[in-house]
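Beneath this line is the structure, given in structure tokens, with notes to follow.
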Amino acid sequence: MNPHPPINPLSVGVEDGARLIGVARSMFYEILARGEIESFKLGRRRLVLVKELEAYINRQAKENSR
């Protein structure tokens with residue numbers, strides 16, 4: 001029995017961020033370069049807040065809904 005509940009990450013790296021929103025890594029870098037999703041560096045890693053990914057997907061869904 002595990003006494004600790006699973007931890008939901010606050011931020012993810014580029015590979016996981018791309019996978020979470022369903023795009024290729026190269027497309028994810030393009031989205032970052034355009035400033036559509038904010039990212040930050042922690043040491044050598046480029047990270048994105050999970051909240052930023054959720055906000056991006058919500059914006060895209062709203063703008064591109066039929």
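The values are calculated or read from the model by the stated rules, or taken from the named source; none is laboratory data. Just so you know, these numbers come straight off a predicted model, no measurement behind them. Backbone-built Cβ (ideal geometry, glycine too); neighbour counts: all protein chains shown. Calculation scope for accessible area: heavy atoms of the full protein, side chains included, ligands and nucleic acids excluded. Shrake-Rupley method; radii C 1.70, N 1.55, O 1.52, S 1.80 Å.
The alpha carbon centroids of segment 1-25 and segment 26-66 are separated by 14 Å. Helix content alone sets the calculated 222 nm mean residue ellipticity of the chain: runs of n ≥ 4 DSSP H residues at -39500 (n - 2.57) each, divided across all residues, give -14000 deg cm²/dmol. Accessible area per residue (1.4 Å probe, heavy atoms of protein chains only) ranks Phe28, Phe40 as Phe40, Phe28, with the largest value leading. Rolling a 1.4 Å probe over the heavy atoms of the protein chains gives the chain an accessible area of 83 Å² per residue.
Between the beta carbons of Asp16 and Lys51, assuming R0 = 22 Å, the FRET efficiency works out to 0.95 to the nearest 0.05.
Shown for the chain: the carbon plus sulfur share of the solvent-accessible area, taken with all protein chains present and a 1.4 angstrom probe, equals 53%.
Over the heavy atoms of Ile57, what accessible area does a 1.4 Å probe trace out, to the nearest 10 Å²? Accessible area, nearest 10 Å²: 70 Å².
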